[in-house]
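Trainee: Got a structure for you, written out below as structure tokens; questions coming shortly.
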Amino acid sequence: MMVMGREIPVIWAAIHTPFDDSGAIDEAGIRRNVRHYIATGLAGVFCNGLIGEVWSLTLQERQRVVEVIADEAGGRLGISVVISGPSVEETIELGEHARRLGVSHAVLMVPTSGPRSPAQQFEYLHHICTRLEMPIVIFNARTAAGSPLDPAVFTQLCSLPNLKLLKTTGTTAENAALRQAARNGVLVSDPLEENFFVNMQGEGQSILYADPEPYLYQRGDFRPIANYVALLASGQTEEAARICASLAPQRAVFNKWIMDPLKRGHMPNAAVKHWCDLVGIAGGAVRSPVTPLSAAERRELEADLVACEAPGMLSAAERTSS
């Protein structure tokens with residue numbers, strides 16, 4: 001189960017789905033990555049989402065990804081599974097499959113096509129939540145039109161006993177409105193690590209339900225995010241702020257290659273995966289319509305990471321042998 005609301009905030013990360021050169025799911029790579037997430041001290045991972053190229057996965061592949069992660073984790077890592085599917089019944093089927101595997105919770109995307117009026121939005125999310133006897137997270141992914149989740153709808157949904165958390169990528173004002181709308185202990189998480197220090201201090205945000213930053217910035221015992229979170233929770237604000245500020249170079253690279261393209265509507269999965277390969281995580285190929293980085297782009301990303309002294313960078317020989 002997800003651990004929330006404890007004294008030191010917990011850190012989760014959205015993970016990619018590694019594919020081999022043939023385009024098949026790289027199950028050995030998934031297992032290797034799970035060991036990395038555990039060694040880095042993550043509380044859990046968020047799979048089969050946008051970073052996981054969910055649009056390219058069949059329903060059977062989505063189930064298999066969860067099975068492999070759960071088998072390798074063996075209860076040592078929380079698992080959060082996006083279950084939103086082409087139909088309501090397929091969504092519930094994915095949720096039931098995840099429940100049988102004992103995952104921490106299922107994740108429902110706020111619909112941005114199909115039923116979108118406040119009344120229909122509520123009915124869609126309420127119907128699925130009440131059908132599934134498991135903890136639920138709602139993911140509110142901002143679009144060019146703004147935050148899709150209506151705060152009044154969110155307040156209504158908070159009456160559901162199995163709704164535990166809202167992950168929201170809205171603007172500061174949109175997220176503030178959703179925090180105000182929260183009820184019954186439902187938590188609200190802005191997933192950007194860059195905002196977390198301020199959100200911990202100003203909003204009391206007690207969980208970082210993050211994007212890929214926790215496993216791109218941290219490796220093994222080098223855990224700057226976990227360190228500044230623990231320091232801030234214990235009142236050591238100045239040292240926490242110093243460590244938090246030290247991540248500015250990595251954040252600049254992250255924004256250039258991942259967040260800025262994402263805000264323009266260009267999925268950055270190829271950059272996420274190449275960064276993973278560079279730090280010893282199985283990244284692998286992407287699937288259409290995402291295209292690989294060009295040779296020039298790969299060299300540029302590598303140079304950016306070397307320039308910012310990103311931790312854990314492997315040499316070319318080490319990458320070849322890993």
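Trainee: Kindly provide the set of residues from the stretch 293-313 that are of a type outside the set (A, V, I, L, M), surrounded by 14 or more Cβ atoms within 10 Å (Cβ to Cβ) and assigned to a loop (DSSP other than H, G, I, E, B), ordered by number.
Mentor: Within the stretch 293-313, Cys308, Pro311, Gly312 qualify.
Trainee: In the stretch 86-107, is there at least one residue being surrounded by fewer than 22 Cβ atoms within 10 Å (Cβ to Cβ), in contact with a strand residue (DSSP E or B) (Cβ under 7 Å, 6 or more places away or on another chain) and under 25 Å from Phe19 (Cα atoms)?
Mentor: No.
Trainee: Just give me the residues in the stretch 225-263 being surrounded by 14 or more Cβ atoms within 10 Å (Cβ to Cβ) and either touching a strand residue (DSSP E or B) at 6+ places or on another chain (Cβ under 8 Å) or assigned to a loop (DSSP other than H, G, I, E, B) (or both), in sequence order.
Mentor: Ile225, Ala226, Val229, Gln236, Leu247 - these are the residues of the stretch 225-263 that are surrounded by 14 or more Cβ atoms within 10 Å (Cβ to Cβ) and either touching a strand residue (DSSP E or B) at 6+ places or on another chain (Cβ under 8 Å) or assigned to a loop (DSSP other than H, G, I, E, B) (or both).
Trainee: Shifting gears a bit: So which residues in the stretch 165-186 are crowded, with 20+ Cβ neighbours inside 10 Å and in contact (Cβ under 8 Å) with a residue 40 or more places away in the chain?
Mentor: Within the stretch 165-186, Leu165, Lys167 qualify.
Matching residues to (1) within 20 Å of the chain's Cα centre (by Cα); (2) among the polar types (S, T, N, Q):
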position: Ser117; (1), (2): no, yes
position: Tyr124; (1), (2): no, no
position: Glu133; (1), (2): no, no
position: Ile136; (1), (2): yes, no
position: Ala152; (1), (2): no, no
position: Cys158; (1), (2): no, no
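Trainee: Go through (1) in contact with a Ser or Thr (Cβ under 7 Å, 6 or more places away or on another chain); (2) more than 30 Å from Gln156 (Cα to Cα); (3) assigned to a loop (DSSP other than H, G, I, E, B) one by one and return the number of the condition Val65 breaks.
Mentor: (3)
Trainee: Now for a separate question. Under 9 Å by Cβ, and 6 or more places apart or on different chains, what pairs join a residue from the stretch 117-132 that is touching a residue at least 12 places away in the same chain (Cβ under 8 Å) and within 10 Å of Leu157 (Cα to Cα) with one that is among the small types (Gly, Ala, Ser) and in a helix (DSSP H, G or I)?
Mentor: Phe122/Ala152
Trainee: Is it the case, given these coordinates, that Val103 is of a type in the set (A, V, I, L, M, F, W, C), in a loop (DSSP other than H, G, I, E, B) and modelled with pLDDT of 95 or more?
Mentor: yes
Trainee: Among the numbered criteria (1) under 25 Å from Leu262 (Cβ atoms); (2) surrounded by 13 or more Cβ atoms within 10 Å (Cβ to Cβ); (3) not hydroxyl-bearing (Ser, Thr, Tyr), which one does Glu123 miss?
Mentor: Checking Glu123 against (1) under 25 Å from Leu262 (Cβ atoms); (2) surrounded by 13 or more Cβ atoms within 10 Å (Cβ to Cβ); (3) not hydroxyl-bearing (Ser, Thr, Tyr), the one that fails is (1).
Trainee: Starting from residues that are out of contact with any helix residue (DSSP H, G or I) (no Cβ under 7 Å at 6 or more places or on another chain) and among the aliphatic types (A, V, I, L, M), keep the ones in the stretch 16-37 and report whichever is nearest to Tyr217 (Cα to Cα).
Mentor: Ala28
Trainee: Would you mind finding the one in Glu133, Glu72, Glu96 that is more than 30 Å from Thr172 (Cβ to Cβ), of a type in the set (Asp, Glu) and part of a loop (DSSP other than H, G, I, E, B)?
Mentor: Matching residue, one of Glu133, Glu72, Glu96: Glu133.
Trainee: Could you tell me how many of the residues in the stretch 26-53 are surrounded by fewer than 19 Cβ atoms within 10 Å (Cβ to Cβ) and in contact with a strand residue (DSSP E or B) (Cβ under 7 Å, 6 or more places away or on another chain)?
Mentor: 0
Trainee: Give the residue, chosen from Arg99, Arg116, that is farther than 23 Å from Leu178 by Cβ and basic (Lys, Arg).
Mentor: Arg99
Trainee: Next question, about the same structure. Only one residue in Pro214, Pro161 is crowded, with 22+ Cβ neighbours inside 10 Å and either in contact (Cβ under 8 Å) with a residue 12 or more places away in the chain or not hydrophobic (A, V, I, L, M, F, W, C) (or both). Which one? Reasoning before the result, please.
Mentor: Numbers: Pro161 fails: crowded, with 22+ Cβ neighbours inside 10 Å.
Only one candidate passes the filter, namely Pro214.
Trainee: Anything in the stretch 263-275 that is hydrophobic (A, V, I, L, M, F, W, C) and out of contact with any His (no Cβ under 7 Å at 6 or more places or on another chain)? List them, or say none. If you could, list the steps in order and put the result at the bottom.
Mentor: Pass one, the stretch 263-275, residues hydrophobic (A, V, I, L, M, F, W, C): 267, 270-272, 275.
Result: Met267, Ala270, Ala271, Trp275.
The values are calculated or read from the model by the stated rules, or taken from the named source; none is laboratory data. All figures in this text were calculated on a predicted structure; none of them were measured in a lab. Note that we place each Cβ from the backbone using ideal geometry, even for glycine, and neighbour counts take in every protein chain shown.
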